[in-house]
Ligand code: AMP
């Protein structure tokens, strides 16, 4: 069974994101970039399926400029077999990404496509669902457990106040939630081996997709600064301030 995993290059989750001075976008100058954490979980799940003998090949795909090849190489070091970069300038919006992924799905014919539930830069939470709609494949979103069973995949989903398990007929789409697994670290020998693994570059034209943007970013703003706290002398003063200044009790 072939598994296709979509990985996105985003600002590393440890970095405190800054807006550009003119508010036109996020400042990416000299900022550490990484695989989107939910995509890392997707790669880990696919590699575990391969280690269990369920998957035969794990292909990773990333859509973006040449720099996203770094994240493809990281996924290859984590255990994926082969990479595909779809060359697109700038940060493609979810509908464009989903259309390009549909093109890759048609070309590669995977039995399972695993995506993150969300990219931490745009917080869109749209691509997996759009890919489901465009391909007509069943989707199990927010997965906390994935069990392939013959021609079906059982996906346990994290929903409000509990868990729901659905069975999807393969080929299917899964989007990962945080508790699905704990991704491994890439070892140095695997980082070296990853440099030799195949990485193909495709253009949107190769996939028959016209990249057309429907969204214009108007502005980005940092969250409001928190005002400084104060020290109170005793409980009476604390209660007084909560009652009369903060008016919360
Ligand atoms: P989003 O809908 O943007 O929150 O992204 C959800 C998931 O879609 C991500 O975790 C990735 O698996 C996939 N995805 C989004 N953008 C890209 C991209 N440019 N390249 C590859 N995969 C992507």
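The values are calculated or read from the model by the stated rules, or taken from the named source; none is laboratory data. No experiment lies behind these values; they were computed from the predicted model shown. Here the Cβ positions follow ideal geometry from the backbone for every residue, glycine too, while neighbour counts run over all protein chains shown.
Do we have residue 79 as within 16 Å of the chain's Cα centre (by Cα) and modelled with pLDDT of 95 or more here?
It is false that residue 79 is within 16 Å of the chain's Cα centre (by Cα) and modelled with pLDDT of 95 or more.
Out of all the residues in the stretch 24-40, is one or more within 12 Å of the ligand (Cβ to nearest atom), closer than 16 Å to residue 193 by Cβ and modelled with pLDDT of 95 or more? No, because not a single residue in the stretch 24-40 is within 12 Å of the ligand (Cβ to nearest atom), closer than 16 Å to residue 193 by Cβ and modelled with pLDDT of 95 or more.
For residue 83, the test of being within 13 Å of the ligand (Cβ to nearest atom) and more than 25 Å from residue 187 (Cα to Cα) is failed.
Beta carbons closer than 6 Å, at least 6 apart along the sequence or on distinct chains, pair a first residue in the stretch 168-187 that is within 10 Å of residue 112 (Cα to Cα) with a second that is in a loop (DSSP other than H, G, I, E, B) for 170/111; 170/151; 171/111; 171/137; 172/137; 173/137.
Only a single criterion out of (1) farther than 21 Å from residue 140 by Cβ; (2) at pLDDT 95 or above; (3) over 18 Å from the mean Cα position of the chain (by Cα) is not satisfied by residue 64, namely (3).
Considering only the stretch 55-70, I want to know if a residue exists there that is without any contact (Cβ under 8 Å) to a residue 12 or more places away in the chain and surrounded by fewer than 23 Cβ atoms within 10 Å (Cβ to Cβ). No - not one qualifying residue is present in the stretch 55-70. Among the criteria (1) touching a helix residue (DSSP H, G or I) at 6+ places or on another chain (Cβ under 8 Å); (2) without any contact (Cβ under 8 Å) to a residue 12 or more places away in the chain, the one residue 160 does not fulfil is (1). The residue pairs whose first member lies in the stretch 99-123 and is within 25 Å of residue 16 (Cα to Cα) and in contact (Cβ under 8 Å) with a residue 40 or more places away in the chain, whose second member is part of a strand (DSSP E or B) and within 8 Å of the ligand (Cβ to nearest atom), and whose beta carbons are closer than 7 Å, counting only pairs six or more residues apart or on different chains, are 115/6; 115/175; 116/175; 116/176; 117/175; 117/176. Just one of (1) closer than 22 Å to residue 207 by Cα; (2) out of contact with any strand residue (DSSP E or B) (no Cβ under 7 Å at 6 or more places or on another chain); (3) within 12 Å of the ligand (Cβ to nearest atom) fails for residue 113. It is (2). Counting only strands (runs of 3 or more DSSP E) wholly contained in the stretch 133-244, the ones carrying 1 or more residues that are within 16 Å of the ligand (Cβ to nearest atom) occupy 138-149, 152-159, 172-176, 199-202.
Okay, residues lined up against (1) within 30 Å of residue 32 (Cβ to Cβ); (2) within 14 Å of the chain's Cα centre (by Cα); (3) modelled with pLDDT under 95:
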| position | (1), (2), (3) |
| --- | --- |
| 97 | yes, yes, no |
| 100 | yes, no, no |
| 106 | no, no, no |
| 112 | no, no, no |
| 122 | yes, yes, yes |
| 128 | yes, yes, no |
| 134 | no, no, no |
| 142 | yes, yes, no |
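Scanning the stretch 118-132 for residues that are in a helix (DSSP H, G or I) and out of contact with any helix residue (DSSP H, G or I) (no Cβ under 6 Å at 6 or more places or on another chain) gives 128, 129, 132. Applying the condition of being assigned to a loop (DSSP other than H, G, I, E, B) and within 16 Å of the ligand (Cβ to nearest atom) to the stretch 1-10 and asking which residue is surrounded by the fewest Cβ atoms within 10 Å (Cβ to Cβ) yields 8. All conditions in (1) surrounded by 11 or more Cβ atoms within 10 Å (Cβ to Cβ); (2) within 23 Å of residue 38 (Cα to Cα) hold for residue 207, with the sole exception of (2).
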